[in-house]
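Structure, as structure tokens:
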Amino acid sequence: MLAGRSGTITQGSFRVIYKLGRANKLRSRIRDETKIGRGDTESGIRCARMRKTSACCGQLAYKFSSLRRHLNLSNLALDGGKRVILQPLNPNRPVALVKVAPSVTQVELNRELEVLGYAFPFGPLVSDVTIAGAIATSSHSANFNEPSMGGFMTAVRLIDGRGSVRQFSENRTPVVMKALRCNLGLLGIVFEIEMKVVPLETVSVRRVFTPLRNLFKSHFLRHLVTKNYIVNVMYGAYNSLTEEEARWALETGRVPRTWDSANDLVLLQIINPSSKSVNLAIEDKRPESAPNVTVVSLGQTRFNQLLSAPAFVISNLSQATHVPAAVLDKTEFSEYTIQHSTFTEDAKVLKVLSSLLNEKSYKKGIQPLQLGLFRWFAGANCFLCAGSATVGRNRHDKTKDLGHFASFHLHDLVDSRQDIKRARAFQTAVIQEWDKIGNFGRPHWGKVLQVFPNLKQRIKLSYGLDLDIFKTIRESLDAHGVFTNAFLRYLFDIKRKIR
Ligand SMILES: Cc1cc2nc3c(=O)[nH]c(=O)nc-3n(C[C@H](O)[C@H](O)[C@H](O)COP(=O)(O)OP(=O)(O)OC[C@H]3O[C@@H](n4cnc5c(N)ncnc54)[C@H](O)[C@@H]3O)c2cc1C
């Protein structure tokens, strides 16, 4: 897999040239980092008589390859069963850390931290995700300068494919940590995560409405995204339809050409430390009340919900950045992430979305787009994170600058197979248009991947050598493929050796 080689990967309009003169060195580094070492516990014991996997008397018996092993569960719990342990700032520790059990959710973590004066605001929008699940899929927030969640992880303890308890850390095993930052559950069962957290602060949350067409201007986007701490752009489609246009759409099944999505309003949710003086310089076009227009699309309903949130609140950081999953129930999601180079490119992506929505609406009526969500975040030092720069793509590794990424999310509320089919067809059509303008967007691992054309080829070309390195690490930690599933085996060409 990591044979010494050099070559060219064609990646959309990019040509990535990579050289791997140091393949052998890297291979031996991976061997070093993944071999059972000091601090790891070879805790499994053979138990040929056990027939079934069972948990009893504080011991977990389970089958890894042909071995059956027993683990003492108390060895896998944090300090006698705690779920969160804070290591606060002090003169010798410039960064606050928490050790957290994998099944702790963001909301639980933040509740524990809040009492102690800390927060973790850099996870996904939805508060109910688990820390291990969100890291495994490289979930991220909307802070231009902060990476996806794995970027905050400093150490991990897990059970590998042989049933051994292993520990990895940023200092001792940086290559394995780079794989763990988006592990897709393929590297083992994570049972302890150590990650950085920040002091809790009070923030101001402003909600400003502006026409979608303003986002087609690169200087508008640059100012919005780089001058504020966290920015979520939310678009409930068709909110500028007039009553006459809505009725026309109902009667004819098509949207009249007098409507233009560029005139729809988008919500800019802008979060800043309350201590910071902010000059937004954006005129708020918030209507005084919800439009009194016949509802013909889910986007209009979503817009009215967005409108009902207050224009300005002071909140604490962790509460301001997350919403409960119930708010987004029954949603079909896809997310297209591109490496942000200039805001001109990002503006083009939004313009293409608007043009496609117009054309499809004029010809085929209301389209299945309940919400568009647009966010920017920083790159992570990670092999498979959607927000990570590929080896050979740039020199970020040397400068410690891991780049920035823009993500464009398409949501639709679905209630039937038919709805799912329609939503996916629309999302694929949008992605094809985005590809055509020279992007080669990556999917979010925790959302719908099937809407991406040529998925397997896309993943292979887009991650290139990083995917090969990840696969080598996976093979070292789980040679028999006990943590694989059929989909990932197909996607990554993994052969399962389990008996
Ligand atoms: C409503 C909603 C909103 C979302 N918003 C955002 C967003 O704003 N930003 C964003 O980036 N993403 C977002 N996502 C994606 C979401 O963050 C991911 O799908 C995340 O993985 C969900 O976490 P979970 O705890 O439900 O994961 P699970 O489904 O429990 O886990 C996901 C995967 O992680 C692995 N895993 C879980 N636990 C372990 C463990 N202990 N050891 C090893 N592997 C493990 C497994 O492979 C598992 O399949 C959203 C998803 C939803 C449903």
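Screening Trp445 on (1) farther than 30 Å from Asp160 by Cβ; (2) within 16 Å of the ligand (Cβ to nearest atom) shows it passes everything except condition (1).
Taking only pairs six or more apart or across chains, which ones have beta-carbon atoms under 6 Å, a first residue in region 415-435 that is farther than 15 Å from Gly372 by Cα, and a second residue that is charged (D, E, K, R)? Close Cβ pairs satisfying both conditions: Ile420/Glu332. Of all residues in region 448-492, those that are at positive phi and either away from the ligand (no atom under 16 Å from the Cβ) or open to solvent by 10 Å² or more (accessible area, probe 1.4 Å) (or both) total 2. If the condition is being under 17 Å from the mean Cα position of the chain (by Cα) and of a type in the set (Val, Ile, Thr), then region 362-377 contributes no residue at all.
If the condition is being assigned to a loop (DSSP other than H, G, I, E, B) and under 18 Å from the mean Cα position of the chain (by Cα), then region 451-472 contributes Val451, Phe452. Taken over region 283-315, residues that are β-branched (Val, Ile, Thr) and either within 21 Å of Leu410 (Cβ to Cβ) or in contact with a Phe, Trp or Tyr (Cβ under 6 Å, 6 or more places away or on another chain) (or both) amount to 3. Selection within region 95-152: residues that are assigned to a loop (DSSP other than H, G, I, E, B) and among the acidic types (Asp, Glu). The member of this set that is nearest to the ligand (Cβ to nearest atom) is Asp128. For region 305-316, indicate whether the set of residues that are in contact with a Pro (Cβ under 7 Å, 6 or more places away or on another chain), in the same structural domain as Gln418 (by TED's automatic domain parsing), in a loop (DSSP other than H, G, I, E, B) and open to solvent by 50 Å² or more (accessible area, probe 1.4 Å) is non-empty. Looking for residues that are in contact with a Pro (Cβ under 7 Å, 6 or more places away or on another chain), in the same structural domain as Gln418 (by TED's automatic domain parsing), in a loop (DSSP other than H, G, I, E, B) and open to solvent by 50 Å² or more (accessible area, probe 1.4 Å), one finds none in region 305-316, hence no. Among the residues of region 189-213, just one is aliphatic (A, V, I, L, M), touching a Pro at 6+ places or on another chain (Cβ under 6 Å) and open to solvent by 10 Å² or more (accessible area, probe 1.4 Å), namely Val190. Of all residues in region 123-138, those that are more than 12 Å from Lys447 (Cβ to Cβ) and among the hydroxyl-bearing types (Ser, Thr, Tyr) total 2.
Exactly one of these conditions fails for Ile45: (1) among the hydrophobic types (A, V, I, L, M, F, W, C); (2) part of a strand (DSSP E or B); (3) at pLDDT below 95. Give me its number. Among (1) among the hydrophobic types (A, V, I, L, M, F, W, C); (2) part of a strand (DSSP E or B); (3) at pLDDT below 95, Ile45 violates only (2). For region 214-247, taking the residues that are in contact (Cβ under 8 Å) with a residue 60 or more places away in the chain and basic (Lys, Arg), the one that is most open to solvent (accessible area, probe 1.4 Å) is identified as Arg222.
The values are calculated or read from the model by the stated rules, or taken from the named source; none is laboratory data. What you are looking at is a predicted structure, and each value in this text was computed from that prediction instead of being measured. Every residue, glycine among them, receives a Cβ derived from its backbone with ideal geometry; neighbour counts consider all protein chains shown. We work out accessible area using only protein heavy atoms, side chains counted, and drop any ligands, DNA or RNA first. Shrake-Rupley method; radii C 1.70, N 1.55, O 1.52, S 1.80 Å.
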